[in-house]
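Report on the structure given below.
The values are calculated or read from the model by the stated rules, or taken from the named source; none is laboratory data. Keep in mind it's a predicted model, so treat the numbers as computed, not measured. Cβ coordinates were reconstructed from backbone atoms using ideal geometry, including for glycine residues, and neighbour counts include every protein chain displayed. Surface areas here come from the heavy atoms of the whole protein model, side chains and all, with no ligands, DNA or RNA. Shrake-Rupley method; radii C 1.70, N 1.55, O 1.52, S 1.80 Å.
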Amino acid sequence: LDGPSYPVRIDLPGALYSAYLDFTWSPWFTPQLGAELGVKLGVFSDFTTVTSDSVRFPTLAAGVVRLTPTTSAKLGVAYIDRNDIKLLPVAGIVWDPSPQKHWEIVFPYPKLACYATTTGNTQVWWYIGAEYGGGAWTYNRVDNGASDQVDINDLRVFIGVDWFNLNRWHGFAEIGYVFNREIVDVLRPEDSTDLEDTIMIRAGIHF
């Protein structure tokens, strides 16, 4: 972290860490009725102080109803386990208007993806998306040594590319705009502050 230094300086450490296991399950109980279930169990801290508040388990539970062969409705709740906001509704439509398009018009993580090309055994798709970003961490205040908690909340819109191959490797790269940023401090609420908009660049690979 760099700052913030405006309008007040919050006594935050230079880095915050997230170490977790992420489990997801998307079963179909009948051809028309399914679910999207997920839990992320981990420790979110500066690792200078680790308390029971450092252990968090954001959870997602949503029902999925297939309306047509190409359209499904999704409704549920996301427990994001932050200090300021605990729950977010999950609602929307998943639509495949063609084999080359996959549109998840779902709050709070919409994503519209379109097929781009195939190289060897690898498919490449491009997409636009949005999400409610940020997280919650515990940290040790430098000024008095007290254990504190902080939320960093924001909204993100981005454009990127996905690639998939037959060996089950999946990679992505994206760039986005981050706005409505805020820091919420638990021990000293008066230190909570809004932040300037910024740019996000991220990429990853998983199997």
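Can you pull out the residues in the range 51-99 that are among the charged types (D, E, K, R) and open to solvent by 30 Å² or more (accessible area, probe 1.4 Å)?
Residues of the range 51-99 that are among the charged types (D, E, K, R), as a first pass: 53, 56, 66, 74, 81-82, 84, 86, 96.
Once the filter is applied, which keeps residues that are among the charged types (D, E, K, R) and open to solvent by 30 Å² or more (accessible area, probe 1.4 Å), the range 51-99 yields Asp53, Arg66, Asp84, Lys86, Asp96.
Right, Ala173: modelled with pLDDT of 95 or more, out of contact with any His (no Cβ under 9 Å at 6 or more places or on another chain) and open to solvent by less than 60 Å² (accessible area, probe 1.4 Å) or not?
Values: modelled with pLDDT of 95 or more: yes; out of contact with any His (no Cβ under 9 Å at 6 or more places or on another chain): yes; open to solvent by less than 60 Å² (accessible area, probe 1.4 Å): yes.
When the stated conditions are applied, Ala173 passes them.
Quick test of your reading of the structure: Thr48 fulfils all but one of (1) open to solvent by less than 30 Å² (accessible area, probe 1.4 Å); (2) assigned to a loop (DSSP other than H, G, I, E, B); (3) among the polar types (S, T, N, Q). Name the failing condition by number. Checking Thr48 against (1) open to solvent by less than 30 Å² (accessible area, probe 1.4 Å); (2) assigned to a loop (DSSP other than H, G, I, E, B); (3) among the polar types (S, T, N, Q), the one that fails is (1).
Figure legend. Inter-residue proximity from the range 139-163: first residues within 15 Å of Asp191 (Cα to Cα), second residues among the hydrophobic types (A, V, I, L, M, F, W, C) and surrounded by 18 or more Cβ atoms within 10 Å (Cβ to Cβ), beta-carbon distance below 6 Å, spacing 6+ or different chains. Indicated pairs: Val150/Trp137; Asp151/Ala136; Asp151/Val184; Ile152/Ile183. A single member of Arg56, Arg66 is of a type in the set (D, E, K, R), farther than 19 Å from Gly160 by Cα and either without any contact (Cβ under 8 Å) to a residue 40 or more places away in the chain or touching a His at 6+ places or on another chain (Cβ under 8 Å) (or both), and it is Arg66. Total residues in the range 77-112 satisfying the condition of being in contact with an Asp or Glu (Cβ under 7 Å, 6 or more places away or on another chain) and touching a residue at least 24 places away in the same chain (Cβ under 8 Å): the figure is 5. The residues of the range 121-150 that are crowded, with 19+ Cβ neighbours inside 10 Å and within 24 Å of Val106 (Cα to Cα), listed by number, are Tyr127, Gly134, Ala136.
Per the conditions (1) at pLDDT below 95; (2) more than 16 Å from Tyr79 (Cβ to Cβ); (3) within 18 Å of the chain's Cα centre (by Cα), the sole criterion not satisfied by Tyr6 is (3).
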